[in-house]
1. Here are LEU304, LEU344: which of them is free of Cβ contacts under 8 Å to residues at least 60 places away in the same chain and part of a strand (DSSP E or B)?
2. Can you name the residue in region 355-368 that is open to solvent by less than 60 Å² (accessible area, probe 1.4 Å) and of a type outside the set (A, V, I, L, M) and is also nearest to the chain's Cα centre (by Cα) among such residues?
3. I'd like the residue in region 362-398 that is out of contact with any His (no Cβ under 8 Å at 6 or more places or on another chain) and of a type in the set (S, T, N, Q) and, out of all such residues, is nearest to ALA131 (Cα to Cα).
4. It is to be established whether one or more residues within region 172-190 are open to solvent by less than 100 Å² (accessible area, probe 1.4 Å), of a type in the set (Gly, Ala, Ser) and part of a helix (DSSP H, G or I).
5. Please indicate, with yes or no, whether at least one residue in region 278-286 is in a strand (DSSP E or B), outside the structural domain of GLU145 (by the TED database) and either modelled with pLDDT of 85 or more or surrounded by 15 or more Cβ atoms within 10 Å (Cβ to Cβ) (or both).
6. So for region 233-252 (the condition being within 26 Å of GLU381 (Cα to Cα), among the charged types (D, E, K, R) and exposed (fewer than 10 other Cβ atoms within 10 Å of the Cβ)), does at least one residue qualify?
7. Taking region 375-393, which residues are assigned to a strand (DSSP E or B), of a type in the set (A, V, I, L, M) and over 15 Å from LEU288 (Cβ atoms)?
8. Could you check how many residues of region 103-129 are within 20 Å of LEU190 (Cβ to Cβ) and within 16 Å of the chain's Cα centre (by Cα)?
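The values are calculated or read from the model by the stated rules, or taken from the named source; none is laboratory data. In this text, all values refer to a predicted model and were calculated from it rather than measured experimentally. When we count neighbours, we look across all protein chains shown, and the Cβ atoms used for this are built from the backbone with ideal geometry, even at glycine. Side chains included, ligands, DNA and RNA excluded: accessible areas come from the protein's heavy atoms. Shrake-Rupley method; radii C 1.70, N 1.55, O 1.52, S 1.80 Å.
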Amino acid sequence: MSGAEEAGGGGPAAGPAGSVPAGAGAGVGVGAGPGAAAGPAAALGEAAGPGIPDEAGLAGARQLQEAAGDPDAPPKKRLRAAEAAEAAAAAAAAGSGKLEERLYSVLCCTVCLDLPKASVYQCTNGHLMCAGCFIHLLADARLKEEQATCPNCRCEISKSLCCRNLAVEKAVSELPSECGFCLRQFPRSLLERHQKEECQDRVTQCKYKRIGCPWHGPFHELTVHEAACAHPTKTGNELMEILDEMDQSHRREMQLYNSVFSLLSFEKIGYTEVQFRPYRTDDFITRLYYETPRFTVLNQTWVLKARVNDSERNPNLSCKRTLSFQLLLKSKVTAPLECSFLLLKGPYDDVKISPVIYHFVFTNESNETDYVPLPIVDSVECNKLLAAKNINLRLFLFQIQK
């Protein structure tokens with residue numbers, strides 16, 4: 001059954017094939033469900049005739065034209081919006097596009113103009129944003145000390161004001177998408193599984209890659225390659241060289257875990273939940289920084305500070321974003337205090353942080369560390385932290401006694 005038949009419900013009221021223009025079926029079917037599409041949509045289609053464009057198609061074209069004419073939009077976005085608007089307007093005027101092509105302009109993200117791949121959020125006026133763009137808008141607003149707004153209607157957006165649109169998420173998951181390997185069409189909900197497990201043209205590696213085989217190729221050629229692969233016949237000396245390289249890599253990975261296990265055997269260990277709150281500097285051009293309230297660990301008073309992109313002047317203009325932090329000792333000590341410390345994600349956050357152990361000797365004269373990187377996996381994870389009202393992490397402190 002085709003996408004148009006599914007949108008029309010396949011009922012007898014739809015009439016013979018071709019009697020309902022694709023625009024009328026798309027415009028009524030998405031909002032009212034299959035039953036409504038089979039009745040009113042068919043009647044409207046017969047009354048309007050095949051030459052009159054439908055309102056849903058024209059609405060999508062107008063939305064893309066507005067994005068193309070926005071002077072504040074990036075040049076690439078304006079160009080992409082203009083091309084998409086021309087295609088949508090042509091399809092709407094002709095009344096003869098495929099249903100999925102016509103839905104593309106209706107269900108696409110208003111920021112990146114692409115179909116969402118995961119969660120879909122909407123503002124209070126119903127404009128759609130994919131999860132990545134939504135988080136990016138919130139992070140940009142935090143960096144510029146502004147209220148985040150919808151790029152279409154300029155209404156305020158936040159995690160509390162916006163909600164997910166499950167109907168759009170399900171609709172997008174059923175739209176066809178092309179496999180990048182075999183070029184066949186699959187529903188988006190099944191495409192990932194097909195590309196990872198089923199596609200005969202997917203790129204795979206030789207099973208002897210662990211002993212040095214560099215072969216990459218389509219899955220249907222894997223059996224032939226492995227039968228002719230020369231790596232299983234390598235000599236013992238050649239295999240020992242490869243195993244030595246693998247052991248070195250494994251030792252580097254295990255070094256961190258061995259260090260953590262060693263620190264856990266110390267007598268004085270402390271940890272606490274810390275909450276970074278956003279502040280602004282007093283400079284003429286203010287800069288965003290984060291600071292925690294004072295907290296007590298190991299009978300000492302501490303403060304954590306963090307900054308974005310090492311206090312870059314305009315971090316909101318950069319696609320690459322990082323956070324760095326420093327630990328400050330606020331209480332007086334009678335002797336040097338040697339500590340190891342690390343930051344991990346809080347118990348209720350989903351941000352990905354790779355643990356790194358830092359070491360410092362605190363004295364009354366040297367009571368703050370240098371700014372060290374917060375080991376976030378990538379800029380997407382950094383945006384998740386910046387989009388939140390506060391940043392909640394967990395600090396571990398280990399006092400080293402000689």
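1. Numbers: LEU304 fails: free of Cβ contacts under 8 Å to residues at least 60 places away in the same chain.
Checking each option against the conditions leaves just LEU344.
2. Filtering region 355-368 down to residues open to solvent by less than 60 Å² (accessible area, probe 1.4 Å) leaves 355-358, 360, 362-363, 366-367.
Okay, now just the ones that are also of a type outside the set (A, V, I, L, M), so 355, 358, 360, 362-363, 366-367.
On the way: PRO355: 21, TYR358: 29, PHE360: 35, PHE362: 39, THR363: 42, SER366: 40, ASN367: 38 Å.
For region 355-368, the residue satisfying everything is PRO355.
3. Per the stated criteria, the residue is SER379.
4. For region 172-190, residues open to solvent by less than 100 Å² (accessible area, probe 1.4 Å), of a type in the set (Gly, Ala, Ser) and part of a helix (DSSP H, G or I): present.
5. Step one: list which residues in region 278-286 are in a strand (DSSP E or B), which gives 278-280.
Among the residues that remain, those that are also outside the structural domain of GLU145 (by the TED database) are: 278-280.
The next check asks that each one be either modelled with pLDDT of 85 or more or surrounded by 15 or more Cβ atoms within 10 Å (Cβ to Cβ) (or both); those that pass are 278-279.
Within region 278-286, one or more residues are in a strand (DSSP E or B), outside the structural domain of GLU145 (by the TED database) and either modelled with pLDDT of 85 or more or surrounded by 15 or more Cβ atoms within 10 Å (Cβ to Cβ) (or both).
6. Taking every residue of region 233-252 in turn, at least one turns out to be within 26 Å of GLU381 (Cα to Cα), among the charged types (D, E, K, R) and exposed (fewer than 10 other Cβ atoms within 10 Å of the Cβ).
7. At the first step, the residues of region 375-393 found to be assigned to a strand (DSSP E or B) are 376, 391-393.
Next cut, of a type in the set (A, V, I, L, M) only: 376, 391, 393.
ILE376, LEU393, listed by residue number.
8. Let us first name the residues in region 103-129 that are within 20 Å of LEU190 (Cβ to Cβ), namely 103-104, 107, 114-120.
Right, trim to within 16 Å of the chain's Cα centre (by Cα) and you get 114-120.
Within region 103-129, residues that are within 20 Å of LEU190 (Cβ to Cβ) and within 16 Å of the chain's Cα centre (by Cα) number 7.
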